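The values are calculated or read from the model by the stated rules, or taken from the named source; none is laboratory data. All of these numbers come straight from a predicted model, not from anything done at the bench. Cβ placement follows ideal geometry from the backbone for every residue including glycine, while neighbour counts extend to all protein chains displayed. Ligands, DNA and RNA are stripped out before the accessible areas are found, and what is left, the full protein with its side chains, is counted by its heavy atoms. Shrake-Rupley method; radii C 1.70, N 1.55, O 1.52, S 1.80 Å.
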Amino acid sequence: MAFPHGGQPMADGVARDAADAEANAVVDWFLHPVLMNPEPSEVASIETLAAAGHTSIKVFLSFRRFDRNVDGYLRAMQAAAAAGTVVMVHCEDPAIMHCCGAALAEAGLDDARYYPESRPVEAERISTERAVGYCATTGAATYVVHLSSEAALNACRAGRARGLPLYVETRPIYLHLNRDRYAEPDGAKYAGAPPLRADSDREALWAGLADGSVSTICTDHAPWTMDQKLDPSLKAADLRQGMAELEVMLPLLWSEGVAKGRLSVARFVEVTSTQTAKLFGLYPRKGTIAPGSDADIVVWDPTATRVVDGPSMESKAGWSLYDGWETTGWPAVVLSRGQVVARASADGTRTEVVGAPGQGRAVPRRRFTRP
Ligand SMILES: [Zn+2]
């Protein structure tokens, strides 16, 4: 996710983060430019970026700047439709969040347990419905990132039933945890945007993953340390959002999904690899095992058991939301273009990265076509 800094164009943010990835990435990579200012030059750059292989942009409907310039963002979605660029949308309504956050602050309800009240389901539902409407209006392929609630999922189901090019991603926390967690003494560590929801939402997302109305699962990996997450100066509505999920996403999805009979092995592969490659212009170079495709392969051990232990993982976070969880199904060996880049340690307690920083390559992407 390449954020332009301080009013820079999207292309500058991409160039900056590409230099970082070229030096450090162990596996192949691409970047999503973030559209912060939909002024005419930035809208025009959507085609230029697409021609260079950057065929997605991210838009935050959750930022107040979005409501100040909906016209500009709609022009950007029209340009994206013409360029074959996927528009990734973060759907939470800023006015509702501002209203709820102010009410909590006025009532002195600053504890992390009130975090979900600051970003209610209604904020996600109404924003998702707007995104569905903008998708219908502009024809841009629209990808709803980290969807968390049944109400928002149903809004997308209705759009998909109309044949819109609309896709839904969810994220591990919404499948494995519920909002009761915020009442724990260190509840702030669970803050994500959107927040954790009710068990009925969790079940709806599992059903959506199985029936195809959820297209993909992705981490939104944000490796804050525990001290950063539990910063006592942060009030309920301003908690630091995001968490490290990269190393546990697949094992938890296998353990809670496939091993418990909620998800088929085929859907496990589709939602973590094949569908993602198709939606983001990588297929069939990525997302399948076939002659001519890159040999990016995970050799999966479906019976390996391990206790999640954040401190022993590679992430700079140094902890995991799932520390102590007993899980089944871990990668044995990971290959990138045929070379081993990670493998289970000899004692089977952790996964070791053995690839070299910089061996990953940029992958230019094709323009969007419907999968
Ligand atoms: Zn987001």
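Descriptive notes on the structure:
- Each of 336, 63, 141 was scored by the projection of its Cα onto the charge dipole of the chain, and the greatest displacement toward the positive side belongs to 141; charges sit on the C-beta of Lys, Arg, Asp and Glu.
- Charge tally in the Cβ shell below 14 Å around residue 309, where Lys, Arg are +1 and Asp, Glu are -1, residue 309 excluded: -4
- Taking a sphere under 15 Å around the Cβ of residue 254 and counting the other residues whose Cβ falls inside, with K and R at +1 and D and E at -1, yields a net charge of -2.
- Set 189/235; 229/316; 278/316; 58/278 screened for pairs whose C-alpha atoms are more than 20 Å apart: 278/316
- When a 1.4 Å probe is rolled over the protein heavy atoms, the share of accessible surface on the chain that falls to carbon and sulfur comes to 54 percent.
- For the chain, calculated [θ]222 nm from helices alone, where every DSSP H run of n ≥ 4 adds -39500 (n - 2.57): -10000 deg cm²/dmol
- Rounded to the nearest 10 Å², the accessible area of residue 47 at probe 1.4 Å: 80
- Shape class of region 131-260 from the alpha-carbon gyration tensor: prolate, with a/c at 1.5 or above and a/b greater than b/c.
- Taking region 10-353 and dividing mean pair separation by its residue count, relative contact order in percent (alpha carbons under 8 Å, at least six apart): 12
- Centre-to-centre separation between the Cα atoms of region 67-121 and those of region 4-53: 22 Å.
- Taking every DSSP bridge with both residues inside the chain, close to 50 percent are antiparallel.
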